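Peer 1: Please read through the structure below; I'll follow up with questions.
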Amino acid sequence: MNHIQGSLIYEGKAKRVFACKSPDKVLIEFKNDATAFNAKKRSEIKGKGRLNCKISAALFELLESNGIPTHFLELHSETFMIADKINVIPIEVVIRNLATGSLCRETPIPQGTILNPPLLDIYYKDDNLGDPILTEERLKLLDLISMIEMEKIKNITRSVNKILKEYFDSLDLLLVDFKLEFGTNSLGKLVVADEISPDNCRFWDKKNSDPKGRILDKDRFRQDLGGVIDAYEEILNRIEKTSSKTT
């Protein structure tokens, strides 16, 4: 791996970030670790890192081809990608197309309700605080980002949702919801960062009517449904099948 300079910059729950020979780039390793409920539930799932890395690379390329700036540069191996080094903005943006998960626990909205327009929520990225939801007033109070930048992030997120929703619909998958993270690169450009995978997206198989059987994302781990790798493999297989048709 000739891009690794050797120093570990950061290690999170699912990824490690290493320095590269170029100071403006990093090498991101996708780990096999699986966590849920703010890392209160943990496990190691062999092969998960490889699948998330390849899925994320394919989806970042899709976004780039549609004019969405990301930190992704290229795949380095099956579990490593090269990306722009960024200054992380400590917020998480969640967009929901259907109601499930925490939204149904925290509100009387029934499971599976179509949300039109999609609901966009902002969270403070801090594991120690449990990633609390942020109102606009709290965003201003914390002064994490300007309101102009926040509007840019919201617009990018809605554009990403439109692109991904249509793309996954063509793969017979419902994009239920997903989380995005953002940062600025060495040129000060706002980019989509982190990953886009079944770890931070919810996918339901349109061809399966069973409420549990249709789940093809980390909810299989959260809910002890089993078949996590099979679900992730199914997502990658559908992506690669579509890619092979267009090449």
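Peer 1: So, by mean Cβ neighbours within 10 angstrom, what's the order for 231-243, 99-111, 49-61 with the highest one leading? Display every interim value, and only then the final one.
Peer 2: On the way: 231-243: 17.2, 99-111: 12.8, 49-61: 22.3.
Ranking, from highest mean packing down: 49-61, 231-243, 99-111.
Peer 1: Once the mean 1/r over all distinct Cα pairs of region 87-228 is inverted, what Kirkwood radius in angstroms do you read off? Before the final figure, lay out the partial values.
Peer 2: Details: mean 1/r = 0.0617 Å⁻¹.
For region 87-228, the Kirkwood estimate is 16.2 Å.
Peer 1: Springs between alpha-carbon pairs under 10 angstrom, Gaussian network model over the chain: which of Lys31, Lys179, Lys189 fluctuates most?
Peer 2: Lys189
Peer 1: Could you work out the relative contact order of the chain, using alpha carbon pairs under 8 angstrom and six or more residues apart, expressed as a whole percent? Please report the intermediate quantities before stating the final value.
Peer 2: Details: 434 pairs, mean separation 42.7, N = 247.
Across the chain, relative contact order equals 17 percent.
Peer 1: Take the alpha carbon atoms of the chain, find their radius of gyration, then divide it by 2.2 N^0.38 Å using N residues; give the quotient.
Peer 2: Relative to the rule-of-thumb radius for its length, the chain sits at 0.98.
All of the numbers you see were taken from the coordinates with simple rules; none came from a lab. Since this is a predicted model, take the numbers as computed values, not measurements. Glycine gets a Cβ as well: all are built from the backbone with ideal geometry, and neighbour counts include every protein chain shown.
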